[in-house]
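Reviewing the structure listed below.
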Amino acid sequence: MPFDWLRAGPPLAEWWDLRDLGNAVGGLLGWIDDRGGPSWLPYVVSGLIGIVGILLWSVFSQLFFVWAERRLVARIQVRLGPNRAGPLGLLQPVADALKVLTKEMITPRNADRLLFWASPILVMVPALVVFAVLPFGERMVLADLNVGVLFVIAIGSINTIVVFMAGWSSSNKFSLLGAMRTVAMLISYELVQVLALLAVVVFTNSMRMGAIVGWQDDFNTWIVFVQPLALLAYIFAGAVEINRTPTDIAEAESEIVAGYHTEYGGIRWGMFQLAEYVAGFAIAAIVVTMYLGGWTLWGLEEWVPGWLIFLGKLYGFFFVFIWMRGTLPRLRVDQLMGFAWKYLLPLLLVNVLLAGLEVLIWQENGFAAEAVLPAFAVANWALAVVLVVGWGQVLGHLRPEHRAKRPVLVKEVGAILYEPYPLRPGGSVPEA
Amino acid sequence: MDDSGSVVAFWTLAALTVGSALMVVAVRNLVHAVVYLILSFVGVAGIFVLLSADFLAVAQVLIYAGAIPVLIIFAIMLTPRAARDNAETSLGLPALPLVGALLATIISIAVVTDWPEATRGGFEETTSVIGEALLSTYVLPFEIASVLLLAAMLGAIILVRED
Amino acid sequence: MPTRFLSGLELAQRIEQKLPQTVVEALPEWVEVQPEKLVDVCTFLRDDPDADFRFLASLTGVDRLDHFEAVYHLQSFRLNQLGVLKVKSWDHDDPEVPSVAPVWPGAVLQERETYDLMGIRFAGHAGLRRIFLWEGFPGHPLRKDWLSMPGQRMPGLHRFPGEPGEPDVGRG
Amino acid sequence: MAMKTEPFVVNIGPQHPSTHGVFRMKLTLDGERIIDVDMILGYLHRSMEKLAEERTYTQNIPFTDRADYLAAMTGNLAYCLAAEKLAGVEVPERAQWLRVIMSELQRIASHALAIGTFINDCGAWHTPLMYMLREREKVLDLFEMACGARLTVNYMRIGGVAFDVPDGFVPACRALVKEMPDRIAEYEGLLLENEILVARARGVGILPADMAIAYSISGPMLRGSGVAWDLRKADPYAVYDQVDFDIPVGTNGDSYDRFLVRMEEMRQSVRILEQGLDALPGGPVNVDIPVALMPPPGETYARIESPRGELGFYVVSDGGPAPFRFHIRAASYINLSALREMTVGLTVADAIVVLGSVDIVMGEVDR
């Protein structure tokens, strides 16, 4: 039964206990129950509260982060950023939203009207639905599914189809290129995501998000300490899914203009932007839940509301995405695919094997967690470094002949210093 | 949950599944057909949820609604433009009796079979049960399937290799 | 050490030694060769170790009112010397000179430009199309007799090609 | 059995974020791989060469600003050299040095923008561009100080430069010279070893030396291909024979080498600036020439090393007050001739990188 968590688990605190907003909801539901309303009413009410809460939170977060990203990237880029609308430019997102809302929406003549119209709406669905299984606090979860981790991945894969629909229906070649790139990219990185999250599940022995946070709380260990490689891979796969540099292949501005949403304008374009931000929050929330301890912070959640800790971690992690966008150039499509298949996938397979072995050792011998987890952490961090560097060495990315050669400085003209390019095995050197 | 709720949900999902399955063969545009196919798969996933098979439902979304259409899309995009619509084909006539016979068989089985009623509630946890079953009782078919998939993958790679 | 300017007289001498009867006129500033021998001369100048003109620095045309000139500035990197070559076409209505694109691929774009603006046809150029102006533009504007477009239209785009009333030849 | 998709034609441009203006590339693609490139130019064609035939020699100087609008000083200089050669005008020493200083400042500004946009084309989200614009801005401030204009400076004159620089110019320029080496080192530290940049640009758009020469490529592209050729040394104009600097030469001829060469050239420009500021003599900055300068009949070809390569002016005089023929040998236009050779076989993303490494300025390409 999907809403059992409301009654099971730790006893409800008082409804005014803001350390967990689930208490207030629980109190409300109990009050409805006491009044003797129809039995389905609590379900509907709790579902509505969750949905409206997530929707409001994501929209306001997005508004704030549009401003924050612009200001932060501006600082990275030695600019000031928006500072005219309102104090510190805080009203800039509102102005932007008004502009986007009032702009004309153009439908290309040859567009597939149904899909063209439906995609901007559908694109919000996967981005928002992911939040249903993510615990904002101990009780603040809309539906703590048994298969939460798998659910997150499955919903992510729906995103592919929507993006393809948008790109295909626009009847624009840039859009189609962007759509095909997205499709190719996401099926590659879905595997990476699955393997990265699988390593976590092996440790926590549950796919329920609440249980994963509970595991990290019980052992006072964030998963990132024992699974650094998985987190690294997941960040990369997440960046691919939300189209941020260095992996914004699907909407590579300098190549295919805006990719799959080239033809969209006005609020339809705004929906894509909104969905991208919300998907970014979702990725950050998954990372926080799965790897960074969720709403717990080593006992601090007793004093500070857990949802504040969660949001703090989430926004802090989202900053990493902003930072990446501000600093890194973009990889090419085949390089990004190669990175998934040749680099991340073998490493993650090894990682999953190791995780399984470690859990087996731990459980078969009944070691104490305090002794065994630090040992695993040290071993896994060392192994992660060795694997990342070693595999890079094997694939030839670190060999000196592939490094840049500084230009030769000459004083006399007329000489020809050309050397044919050293062919790298499996590299992308064309025959000139 | 109320029985009535389950019944309403079942019929809605069934209508969604069958209706979009019909649209898959009815629409002329192949990409539209793929979109309807996804809808149909999502409907099936919903029915799995009703049967409290949560793992199967999510796997259905992941594989059938997320991954299989991508393969179909690739197939459509890689074929020349001429074949991108669901054109009339001369194979329609021979297919008709075949489909009719199949339909008759299914209907007769559905009518004739004495369907047992479920006597217990839903499973508490399906994932670990499925996992254990796959790696103990059904380990042979599981391994055979994985070897088959590996062989198919290798075959595909060899087919498209240029050298 | 500045670039040595290989005078036309010296250049003419050198060309005459190898390919007699090709030089039409030689001045200190340039040397003029016969159009039909142009490709031979250019190939020779490119491959001759003493000339070593492997780099076509500039190619352009001049409308001399009664004839057209194509001017080639040739540069050697190894010897650091510069020479000027000219060919003339006396057919002012339809000037034609051979293309040097087979000798220097760098001439491809410059010949297209000269053809587009000056109207000199370069025989043997594989893709001699307009480059700055669109196909169907009346006349070649750098010619001295190009004062306005035919039909009293002044230069400039009043309409875009392909619109009703315009020849339907767009930019490719 | 090779899988072949339908050829697919994509127009990159004329309105596209990374065609640096109104350049249009017609790419024929097989999947994402380029099987043919056609370029379509002329969207910015202003018929400068025809217009120049109707104006006096002095009136033509502003055209040279607007040809290569990102390197107006060098455009001015090349044209003035041509006119001076034709009319036999001697330029005073101070003006010569000022010309060198201005050209090198312009080279820094132009290369900074070229590097910034190149990395933008590699997919960076404007960050390097913004830093590079900051450096360019300082140079433009110096231009503003010298002549009141920032972009289309119209500073050089036949027989010298338009005005002497104000008193504050030399200290301000010295401050820039003092600051620039650190800045360049900082940017090199940030960019040169960037793994993604190396992966994107190295081995992409290779142009071997012999091909570069055959295709009349010049400037940083030619040097990137391993040909040690710089007109400042090969055929010194102004007072370049009195300054000491090195020519950076790449060895592989890929996009990355062109980027490295530009980076190093900025540093060498700073060296030249240093020497120029030390050597700047006093005296007049221009000579009087007639309002309607009428050079004797003849023709001349003057060329300089502009930031984009060999910028040549072929000017024919018939003894009248206006040039009889005025031809600009536009470096970035001719550098485009090897575009097809460099991009066929690569992907769309690479084509953008290659185009960025060519560093075209549409004002100069289309004229």
Looking at the range B:50-75 only, could you name the residues that are more than 9 Å from chain A (Cβ to nearest Cβ) and under 15 Å from the mean Cα position of the chain (by Cα)?
B:L56, B:Y64, B:I68, B:I72
Can we say A:A258 is modelled with pLDDT of 85 or more and out of contact with any Leu (no Cβ under 6 Å at 6 or more places or on another chain)?
no
With the requirement that a residue be at pLDDT 70 or above and either of a type in the set (G, A, S) or surrounded by fewer than 14 Cβ atoms within 10 Å (Cβ to Cβ) (or both), what does the range A:3-32 give you?
A:A24, A:G26, A:G27, A:G30, A:W31
When the range C:68-92 is checked residue by residue, the ones that are within 14 Å of chain A (Cβ to nearest Cβ) and in contact with an Asp or Glu (Cβ under 6 Å, 6 or more places away or on another chain) are C:S76, C:R78, C:L79
The condition of being in contact (Cβ under 8 Å) with a residue 12 or more places away in the chain and within 19 Å of the chain's Cα centre (by Cα) holds, among A:L115, A:L101, A:L128, only for A:L128
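Please work out which residue is modelled with the highest pLDDT, limiting yourself to the range B:114-163 and to residues that are among the aliphatic types (A, V, I, L, M) and more than 27 Å from A:L150 (Cα to Cα).
In the first step, residues of the range B:114-163 are kept if they are among the aliphatic types (A, V, I, L, M); the result is B:118, B:129-130, B:133-135, B:139-140, B:144-145, B:147-154, B:156-160.
Remaining after also requiring more than 27 Å from A:L150 (Cα to Cα): B:118, B:154, B:156-160.
Values: B:A118: 69, B:L154: 91, B:A156: 87, B:I157: 87, B:I158: 88, B:L159: 85, B:V160: 77.
Of everything passing the filter in the range B:114-163, B:L154 is modelled with the highest pLDDT.
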Residues in the range D:121-146 that are crowded, with 19+ Cβ neighbours inside 10 Å and more than 14 Å from chain A (Cβ to nearest Cβ): how many?
4
Any hit, the range C:83-103, residues being over 26 Å from C:D48 (Cβ atoms) and part of a helix (DSSP H, G or I):
no
Criterion (among the charged types (D, E, K, R), under 24 Å from A:L122 (Cβ atoms) and out of contact with any Pro (no Cβ under 6 Å at 6 or more places or on another chain)) met by exactly one of A:E251, A:E255, A:E263:
A:E251
Failed item, numbered, when C:V108 is tested on (1) in contact with a strand residue (DSSP E or B) (Cβ under 7 Å, 6 or more places away or on another chain); (2) part of a helix (DSSP H, G or I)
(1)
Can you say whether A:G356 is modelled with pLDDT of 85 or more, surrounded by 22 or more Cβ atoms within 10 Å (Cβ to Cβ) and part of a helix (DSSP H, G or I), as far as the supplied structure shows?
no
Looking at the range A:223-243, which of the residues that are crowded, with 22+ Cβ neighbours inside 10 Å and either among the charged types (D, E, K, R) or over 18 Å from the mean Cα position of the chain (by Cα) (or both) is nearest to A:P374 (Cα to Cα)?
A:V226
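One line per residue, one yes/no per condition, for (1) of a type in the set (G, A, S); (2) at positive phi; (3) more than 14 Å from chain C (Cβ to nearest Cβ):
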site	(1), (2), (3)
D:I272	no, no, yes
D:L280	no, no, yes
D:V285	no, no, yes
D:I304	no, no, no
D:P321	no, no, yes
D:F326	no, no, no
D:V353	no, no, yes
D:G356	yes, no, yes
D:I360	no, no, no
Taking the residues in the range D:184-221 that are crowded, with 19+ Cβ neighbours inside 10 Å and charged (D, E, K, R) as candidates, determine which candidate is farthest from A:G338 (Cα to Cα).
D:R202
Restricting the search to the range A:146-162, which residues are out of contact with any Ser or Thr (no Cβ under 7 Å at 6 or more places or on another chain) and more than 7 Å from chain B (Cβ to nearest Cβ)?
A:G148, A:V149, A:V152, A:I155, A:G156, A:N159
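Do any helices (runs of 4 or more DSSP H) lying entirely in the range D:190-270 carry at least 1 residues that are closer than 26 Å to D:M102 by Cα and within 12 Å of chain C (Cβ to nearest Cβ), and which ones are they?
In the range D:190-270, the matching helices (runs of 4 or more DSSP H) lie at D:220-224, D:231-234.
Over 20 Å from D:L231 (Cβ atoms) and modelled with pLDDT of 85 or more: which single residue out of C:P49, C:P95 fits that description? It would help to see each step written out before you state the result.
Values: C:P49 fails: modelled with pLDDT of 85 or more.
Every option except C:P95 fails the conditions.
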Leading residue by the ranking (farthest from A:V162 (Cα to Cα)) among those in the range A:142-152 that are out of contact with any Gly (no Cβ under 6 Å at 6 or more places or on another chain) and buried (at least 20 other Cβ atoms within 10 Å of the Cβ)
A:N146
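The values are calculated or read from the model by the stated rules, or taken from the named source; none is laboratory data. This structure is a prediction, so every number in the text was calculated from the model and none was measured. When we count neighbours, we look across all protein chains shown, and the Cβ atoms used for this are built from the backbone with ideal geometry, even at glycine.
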